[in-house]
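The values are calculated or read from the model by the stated rules, or taken from the named source; none is laboratory data. Fair warning: this is a prediction, and the values are worked out from it, not measured in the lab. Every residue, glycine among them, receives a Cβ derived from its backbone with ideal geometry; neighbour counts consider all protein chains shown.
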Amino acid sequence: MPKAKLNVVSIVLEECSASRNFDVAFDPPGRASVNFHVDPAGSSEDARVVSTKYEVRLSTEDDETVATIASTFVVLLEVLGVSSGADVDTVARRIASTAAHPYHRELILEMSEKFDIPAYRLDFVFDRELLREEEVAAQT
């Protein structure tokens, strides 16, 4: 059976938010916790829609929240060839996560600068371990 080929058609910003707690004094470096979520948002025989979301929480060494930034991008993938089965969905999640990562990275950095939030930058390359953690969490 021939394998499906997936092409990224579009990446669209769905949601962006930032908040800063000015009552908390912040002395770098502080801490950052990053949560990543990827969810199928729709599918058809010839397309997959995947939602990717990052939530970044910056805190003091005493774990007081200084700021939070969140971004959600939706990725539309065109499916060419055989499109049934969990394998296509898994590959779609991986491609969408990797394709949307630079957009998340740029937006999170931009939001931290605009809202005077201590700068935080995601890694240059998407960390596939985040996707593995998400897949394991979904199975439990």
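Assorted remarks:
- Leu58 being in a helix (DSSP H, G or I), over 10 Å from the mean Cα position of the chain (by Cα) and surrounded by 14 or more Cβ atoms within 10 Å (Cβ to Cβ): no
- Candidates Lys53, Lys3: the one that is exposed (fewer than 14 other Cβ atoms within 10 Å of the Cβ) and either in a loop (DSSP other than H, G, I, E, B) or touching a Ser or Thr at 6+ places or on another chain (Cβ under 6 Å) (or both) is Lys3.
- Residue that is farthest from Ala119 (Cα to Cα) [pool: residues in segment 35-48 that are in a strand (DSSP E or B) and at pLDDT below 90]: Ser44
- Cβ pairs under 7 Å, 6+ apart, first in segment 77-98 and part of a helix (DSSP H, G or I), second at pLDDT 90 or above and surrounded by fewer than 19 Cβ atoms within 10 Å (Cβ to Cβ): Ile95/Val8
- Within segment 14-31, tally of residues that are modelled with pLDDT under 90, in a strand (DSSP E or B) and either buried (at least 16 other Cβ atoms within 10 Å of the Cβ) or out of contact with any strand residue (DSSP E or B) (no Cβ under 8 Å at 6 or more places or on another chain) (or both): 1
- Within segment 62-93, tally of residues that are surrounded by 17 or more Cβ atoms within 10 Å (Cβ to Cβ) and at pLDDT 85 or above: 17
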